[in-house]
Amino acid sequence: MRIIGGSHGGRVLASVGKGDPGAHLRPTTDRVRESLFSALEGGRFGDPIEGARVLDLFAGTGALGLEALSRGAAHVTFVENGRVALGLLGRNIASLGEAARTRVVKSNATRLREASAAAALVFLDPPYGKGLGAPALTAALAGGWIAPGALIVWEDASEAALPHGLSRLDARRYGDTWITFARHGDGD
């Protein structure tokens, strides 16, 4: 697993190999990440990365948020509560020298406390088949973690059923992975 593009392009990240089902770690493949970031940078969604405050829910190894930092995001807040994932995430942040532009929140993503700042770009990659995506987004919306007009990028095993307050923009399938793009409210 590596950073695909930007200032850290080509840098290798700590990996769990093909995943760790016991820890619900299923890293987004380089191919899917490359396709996802090509879609984000392709102009259809504006310029959601440059200078953005990013929220990475169910962060795992942090590959999505770190890719965003590499491509110009200003700050990433990672939310994760798995012991194995937190260790990998910490190693990845340290190896890229990104501690100053990141914050790690050790929390269940479905039970978030109030945010200190709202994100304009949100990555959501919950464990497949557990039904945690909608409750996590609902908690993030209620806690002020997601700014009006924010772009939400939801990775799951099927096209996402969005909670109230989000509108679907697009959905794309990459093998057994679906990426659903949504917008919070009207603030486009």
Scope the range 60-95; condition part of a loop (DSSP other than H, G, I, E, B) and under 20 Å from Arg31 (Cβ atoms); matching residues: Gly60, Thr61, Gly62, Arg71
Meets criteria (farther than 17 Å from Pro48 by Cβ, out of contact with any His (no Cβ under 9 Å at 6 or more places or on another chain) and not small (Gly, Ala, Ser)) for Leu141: no
Yes/no for Thr102 being surrounded by 14 or more Cβ atoms within 10 Å (Cβ to Cβ), closer than 17 Å to Glu155 by Cα and polar (S, T, N, Q): no
Cβ-Cβ under 6 Å pairs, at least 6 apart or on other chains, the range 31-58 side closer than 15 Å to Arg183 by Cα, far side hydroxyl-bearing (Ser, Thr, Tyr) and at pLDDT 90 or above: Leu55/Thr77
Filter result for the condition that a residue is touching a Leu at 6+ places or on another chain (Cβ under 8 Å) and either without any contact (Cβ under 8 Å) to a residue 60 or more places away in the chain or over 27 Å from Arg2 (Cα atoms) (or both), over Gly144, Gly165: Gly165
Flag for Thr138 being assigned to a helix (DSSP H, G or I), farther than 23 Å from Ala14 by Cβ and over 12 Å from the mean Cα position of the chain (by Cα): yes
Per-region count, the range 88-120, residues farther than 22 Å from Ala14 by Cα and either in contact with an Asp or Glu (Cβ under 9 Å, 6 or more places away or on another chain) or small (Gly, Ala, Ser) (or both): 7
Evaluation of Leu132 against (1) under 23 Å from Glu41 (Cα atoms); (2) in contact (Cβ under 8 Å) with a residue 40 or more places away in the chain; (3) over 13 Å from the mean Cα position of the chain (by Cα) (one fails), failing number: (1)
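The values are calculated or read from the model by the stated rules, or taken from the named source; none is laboratory data. Just so it is clear, the structure is predicted and the values come from calculations on it, not from any experiment. Note that we place each Cβ from the backbone using ideal geometry, even for glycine, and neighbour counts take in every protein chain shown.
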